[in-house]
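**Student:** Got a structure for you, written out below as structure tokens; questions coming shortly.
A short reminder: the numbers here are calculations on the coordinates, not readings from a lab. From a predicted model like this one, the values you see are computed outputs, not experimental measurements. Note that each Cβ is placed from the backbone with ideal geometry, even for glycine, and that neighbours are counted across all protein chains shown.
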Amino acid sequence: MRIDLNSDVGESYGAWTMGQDEALIPLVTSVNIACGAHAGDPLVMARTVAMAVEHRLGIGAHPGYPDRDGFGRRELDMTDAELESSLLYQLGALGAFVRAAGATLIHVKPHGALYNRAARDERLATAICRAVTAFDASLVIVGLAGSTMLEAARAGGLATAAEAFADRVYDADGSLRSRRLPGALLATPDAAAAQAVSIATKGLVRSHDGVDISVRADTLCIHGDTPGAPEYARQVRTALQAAGVEIVPLDRPG
């Protein structure tokens, strides 16, 4: 049994700090780095890429809607051309820092509202895939396990990695419980560790209303802005290893 453990990082901006990247990054195997739209700035991107290189992690881009005030967690009404241009802009920005650090960009994981909408909206998912293909068709698309995003990526000839969440609560249809509702986050690191082990070893996650859902995942996420994220990651990692799961970073196919 093998799985990647990823986190969304690099989401600070200027004088505002988001997350505990220095403590969290050494505990995961891949990172999704904000690209300056929903969060992040040039200095934060450079610093975060350097930390990822130091710890030999798989490096991914984490582009989102250009919505700093809403932290990319609000849907924006953008045309396909507007969205694709924004994504290409973001990928190019992070890609420059990765290249300057002598590293390789491995994957792309959309952020927040863009991620969740693409999980069910074929047109949006296809637009994301067009932007990624235009930038680098060898990149891996990370999307919600069983989602339209992954179907669109495969249809477009892109490699995929199915993602599940260690720290988020699921609804019975396999989607993530909305952050606008109570109980969207698992309350303790122990609960996250138990969910991670269940997903990695059994392919099952229990929903908010007690339904067991089948989930096949290549990578597990711990959100960098989850309160206490480093402790969540530490306990998830320890529990996975105790269950005999090898934790390995994402890589490009071949």
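**Student:** Over 18 Å, how big is the tail of the calculated P(r) for segment 1-134, in percent of all Cα pairs?
**Tutor:** Working: 4495 of 8911 pairs.
Considering segment 1-134, 50 percent of its Cα-Cα pairs are separated by more than 18 Å.
**Student:** What ranking, highest mean first, results for peptides 135-146, 32-43, 167-178 when packing means the other Cβ atoms within 10 Å averaged over each residue?
**Tutor:** On the way: 135-146: 21.2, 32-43: 23.2, 167-178: 17.4.
Top of the packing list down: 32-43, 135-146, 167-178.
**Student:** Sticking with this structure for a sec: Can you work out the FRET efficiency for the pair V211 and A100, with r the C-beta to C-beta distance and R0 = 41 Å, to the nearest 0.05? Let's see the in-between values first.
**Tutor:** Numbers: r = 47 Å, r/R0 = 1.14.
The calculated FRET efficiency here is 0.30.
**Student:** Hey, what's the Cα Rg ratio for segment 68-157 versus the globular rule of thumb, 2.2 N^0.38 Å?
**Tutor:** Segment 68-157 yields a ratio of 1.05.
**Student:** Considering only the other residues whose Cβ falls under 14 Å of the Cβ of G70, what net charge follows from Lys and Arg at +1 and Asp and Glu at -1?
**Tutor:** Numbers: positive: R68, R73, R74, R117, R179, R180; negative: E11, D67, D69, E75, D77, D225.
Taking every other residue near G70 into account, the sum is 0.
**Student:** For an R0 of 30 angstrom, estimate the FRET efficiency from the Cβ-Cβ distance between D190 and A15 and round to the nearest 0.05.
**Tutor:** On the way: r = 34 Å, r/R0 = 1.14.
Approximately 0.30, to the nearest 0.05.
**Student:** Further question on the same structure: Any chance you could tell me what percent of the C-alpha pair distances in the chain go past 25 Å? Working shown, then result.
**Tutor:** On the way: 11733 of 32131 pairs.
Tail fraction, whole percent: 37.
**Student:** Relative to the present Cα-Cα distance, how much length would full extension add between E54 and A81 at 0.36 nm per residue of separation?
**Tutor:** Working: separation 27, 0.36 × 27 = 9.72 nm, distance 3.64 nm.
My answer for the length gained is 6.1 nm.
**Student:** In bins 10 Å wide, starting from 0, what share of all Cα pairs of segment 149-254 does each bin hold, as a percent?
**Tutor:** 14, 45, 33, 8, 0
**Student:** Roughly how big is segment 1-141's charge dipole about its Cα centre, with Cβ charges of +1 (Lys, Arg) and -1 (Asp, Glu), in debye to the nearest 20?
**Tutor:** Values: 12 positive and 17 negative charges, 63 e Å.
About 300 debye.
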